[in-house]
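For reference, the structure is listed below as structure tokens.
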Amino acid sequence: MPTFYLLRYSEYIQIRQDIQKVTCYKNLDRFDLDVDDRETAILGYNGETTLGLFVCAMNKRGYRFQEYESAGWFGSTHTLSILNQRGITLSIEMEEVEAVKNKEMLVGVLVKDATSETKLTLDGWQDYAGRLTGRRSY
């Protein structure tokens, strides 16, 4: 494929993602997710995305956003609480790590419900993120 078409296609992809982001963020206004937190980098199934787009993709799959707590001044653990399709609250603990060279982003390290907890590796987190979001490209 000629370079011109590849450039046009990449522009198309960027425009499509920008439109999805605007639509998603408009829907997030009804949730209590701080505007600044929406832009927080997170490792998704297909690579880097934003917390806002991640939450939107989860909502499309039937999960419901409940709360997000950043690490604060002295902490290192961020917490995302969601309600799964069965009505069970899940708490996902995330830490900021260099998942991609020279780029820090949130990665899930522990998933808890009322009776159990599961530790996650980097690959395990990406698989879990894929289940939550339907393996969507953000």
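Note: relative contact order over the chain, using C-alpha pairs below 8 Å and six or more positions apart, is 21 percent. If Lys and Arg each add +1 and Asp and Glu each add -1, what is the summed charge of the other residues whose beta carbon sits under 13 Å from the beta carbon of Thr121? Residues near Thr121 contribute -2 overall. Working ranking of peptides 39-49, 95-105, 113-123 by packing, defined as the average number of other Cβ atoms within 10 Å per residue, highest first, is 39-49, 95-105, 113-123. So what's the angle, to the nearest 10 degrees on a 0 to 90 scale, between helix 3-28 and the longest Cα principal axis of the chain? The two axes meet at around 40 degrees.
Residue exposure proxy: Arg86, Arg61, ordered by other Cβ atoms within 10 angstrom of their Cβ from fewest to most, comes out as Arg86, Arg61.
Toward the positive end of the charge dipole of the chain, with +1 on the Cβ of Lys and Arg and -1 on the Cβ of Asp and Glu, the farthest Cα among Val111, Ser76, Gly130 is that of Gly130. Under the convention that each Lys and Arg Cβ holds +1 and each Asp and Glu Cβ holds -1, the size of the dipole of the chain around its Cα centre is about 820 debye. Computed from Cα atoms, the angle from the helix 122-133 axis to the main principal axis of the chain rounds to 80 degrees.
Remark: Leu51, Leu83 ranked as Leu83, Leu51, counting other beta-carbon atoms within 10 Å and listing the fewest first.
Beta-bridge orientation, the chain: approximately 95 percent antiparallel, per DSSP, counting only bridges with both partners inside.
Beyond 18 Å, the tail of the calculated P(r) for the chain holds 57 percent of the Cα pairs. Cβ crowding within 10 Å, taken as a proxy for footprinting-reagent exposure, orders Phe31, Phe54, Phe65 from fewest neighbours to most as Phe31, Phe65, Phe54.
Every number in this text was worked out from the coordinates using simple rules, so none of it is lab data. Everything quoted here is computed from the prediction, not taken from an experiment. Here Cβ is always computed from backbone atoms with ideal geometry, including for glycine, and neighbour counts include all displayed protein chains.
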